[in-house]
Amino acid sequence: MKNAGRCLAAITLILLFCASAMALEKGAVKLASRSEVDVVVVNARGEKEVKRVDAAKAKVVPGDTVIFTNAYENVGGEAVKNAVVTNPVPEHTVYVDKTAEVKGARVEFSVDGGKIYGLAQSLMVVGADGKARPAEAADYTHIRWTIEKALAPGAKGSVSFKAKVK
Amino acid sequence: MKTKMRLRLVPVLLLAAVIALMLPQKASALGTASGVTIANKATIGYQVNLIPQTAIESAPGAGNSTPGVGLGTNTTFLVDDKVSVTIAANDVAMVTTYPGSSAQALKFTVENTGNTVHDFALTALLDPANTFVATSVTIYRDGGDGVYDGVDDVAVTFLDEMAVDTPQVVWVVAAVPIGATNGQAANYALKAEAHAAGGAGLGALSAQTNVGAPDNAAAVDVVFADGDGDGVQANDANYDGVFVVWGGNELPDGTVGPTGGFMVSGALLTVTKTSAVIADPVLGPSVNAKAIPGATVEYTVTITNGAGAATATSVAITDTIDANTLGVYNAYGAGPDGVTVNFNGGGALAGTSASDGVDASGYNSSFVAGSISVSGITLAAGQNAVIKYQVTIK
């Protein structure tokens, strides 16, 4: 029994080493995330125009809508298939309905912290009255995009959604 | 024993877990507090040659391509200070007040609808269209009973440390000058100006930071998000951190008028005095009697309270007779019945004194030593009292 225990421990250790060694290598995909807000600015000609600026460099208060964008790029030498981008709806924000849809990706949501994903119309939650009801945008905890096409080396794309600051 | 206990505990714990999962998530009415960091991190999973690869987490800027949990970086921003107040004027109609009164109040409710604790300086603004000017205006903070009764109301010039989403009732009390007359009105607005919170006392006036400039990413900026919603009052320019709401019925077209606020309800008393010679030594009692020495003259004093006026209570009248005349102290009967009071056409009452036992009118009259006095009259709007007494010419 004791020997078996030691053996297991050793294997676990080796696996851990392997994992950390792998982690140091670059993957085939680069993922960059940004949060932005649309602000109305007056341009040089005195006209009002909407400008999208970094949320960290804009005044953001409750009720404001923030645009979260995840840009992906195949930085490897092989085609990437079945790329799946997952983004939890950030804490203190509420997902704005129908803002995650994008051409070329299947959008699914989770209402249980990312355990189960489904299409928007298929999700149910337990309402305040204890009965099941269709999930609303405010119930979503996670968003998942499944990129339909393979990404050739160098190919880029992005997925985004909007969320309101609570 | 111990094993049995454990066996029983397991189902109980399981049940608790299920209930916790089923509890609906309570949406907070509060906005996200200023200073909170909102962080976002996405993950991408993918396959190369149909072999699933280790997922990669996102990073801001140029991004991240190092696979593994915890190797990405959050994309963050800071929630700024949203300065917002709602002021509700709670009186749906004019508040009736009276000359000389300071017991009536306009009710307002102030609520911090921003995301940060602030102090709010309060000012009562007088509508320029007022028709009376109060001798003093004081703002009181209600202690929680929702009634202006002086019991738990504290005079204030600011609301200290106003927490978010906690309505506070505030009273605007105007001391009406004694000379104010029926129908005069004055509308007041309540103005709230945001100041910084922190400790007792009014903090520094809040000012927007980085106006027209990029956000200070590392600090909480102050953003004015004001306006009482209609944006029509001159004092209510948007985004100045000053919140103004007029009492009563604020006119929607932006003009101000005494449609809300205080309305003075005063008595409209008119007193008229007439005299008629009712007898002279030559003709005796006659409508043609002349005002010669020895003639009897009847005086009629009429007190009228106008239509729409407030009820006047404790109306009293005194009249000193001319030195060239003598009072007829028993003109309407024996004893002290020198005066009659005819209340609102109800018939003349002689000897009107609550103490004389003759009637139960409640009026108290006397006619002694050349002076008449009548007191205890209550006149509602439109009512009158006619007082008569007689003298003889010396």
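The values are calculated or read from the model by the stated rules, or taken from the named source; none is laboratory data. Keep in mind that this is a model prediction, so the values were computed, not measured. Note: ideal-geometry Cβ built from the backbone for every residue, glycine included; neighbour counts use all protein chains shown. When the accessible area is computed, the model is the full protein with side chains, heavy atoms only, and any ligands, DNA or RNA have been set aside. Shrake-Rupley method; radii C 1.70, N 1.55, O 1.52, S 1.80 Å.
One table, with the values for the structure above:
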| read-out | value |
| --- | --- |
| When each of A:Lys51/A:Lys115; A:Lys48/A:Lys164; A:Lys166/B:Lys191 is checked by Cα-Cα distance, pairs over 25 Å | A:Lys51/A:Lys115; A:Lys166/B:Lys191 |
| Shape parameters for chain A, alpha-carbon atoms, Rg then Dmax in Å | 21.2, 81 |
| Distance in nm between pseudo-label sites at A:Ala132 and A:Val53 (7 Å out along the Cβ direction from Cα) | 4.7 nm |
| Proximal aspartates and glutamates relative to A:Lys57, as straight alpha-carbon distance under 14 Å, when same-chain residues fewer than 8 apart are discounted | A:Glu36, A:Asp38, B:Asp80, B:Asp215, B:Asp221 |
| Peptide ranges B:102-110, B:266-274 listed from the most packed, as the mean C-beta count within 10 angstrom indicates | B:102-110, B:266-274 |
| Cα-only radius of gyration and Dmax that characterise the stretch B:269-393, units Å | 14.9, 48 |
| Positive dipole terminus of the stretch B:121-175, leading residue within B:Tyr140, B:Val170, B:Leu126 (C-beta point charges) | B:Leu126 |
| Shielding score for A:116-129, defined as the mean number of other chain Cβ atoms within 10 Å | 1 |
| Rounded percent of accessible protein surface that carbon and sulfur make up, chain A, 1.4 Å probe | 58 percent |
| Relative contact order %, the stretch A:27-165, counting alpha carbon pairs below 8 Å whose residues are six or more apart | 33 percent |
| Average beta-carbon neighbours from other chains, 10 Å sphere, peptide B:67-73 | 4 |
| Neighbouring partner chain Cβ atoms per residue of B:113-123, average, 10 Å criterion | 1 |
| Solvent-accessible area per residue, Å², over the stretch B:30-79 with all protein chains present [probe radius 1.4 Å] | 41 Å² |
| Buried solvent-accessible surface, both chains (B, A), 1.4 Å probe, Å² to nearest 100 | 3600 Å² |
| B:Leu205/B:Val133 FRET efficiency (R0 35 Å; Cβ-Cβ; nearest 0.05) | 0.80 |
| Cα long-axis angle, helix A:2-24 against chain A (0 to 90 degrees, to the nearest 10) | 40 degrees |
| Estimated Rh, the stretch B:30-79: Kirkwood, alpha-carbon pairs, angstrom | 12.4 Å |
| Selection from A:Ala135, A:Val102, A:Val53 lying farthest towards where the dipole of the stretch A:24-148 points positive, charges on Cβ | A:Val53 |
| Shielded residues, the stretch A:61-105 - accessible-area loss of 50 Å² or more between chain alone and all protein chains, probe 1.4 Å | A:Val61, A:Pro62, A:Lys81, A:His92 |
| Value of [θ]222 nm, deg cm²/dmol, for chain A, DSSP H segments ≥ 4, -39500 (n - 2.57) each, nearest 500 | -5000 deg cm²/dmol |
| Spin-label model distance (nm) - B:Thr166 vs B:Asn344, 7 Å beyond Cα toward Cβ | 5.1 nm |
| 11 Å beta-carbon shell around A:Gly157, net charge (K/R +1, D/E -1) | +1 |
| Per residue value of the accessible surface for the stretch A:27-165 (all protein chains in place, 1.4 Å probe), Å² | 51 Å² |
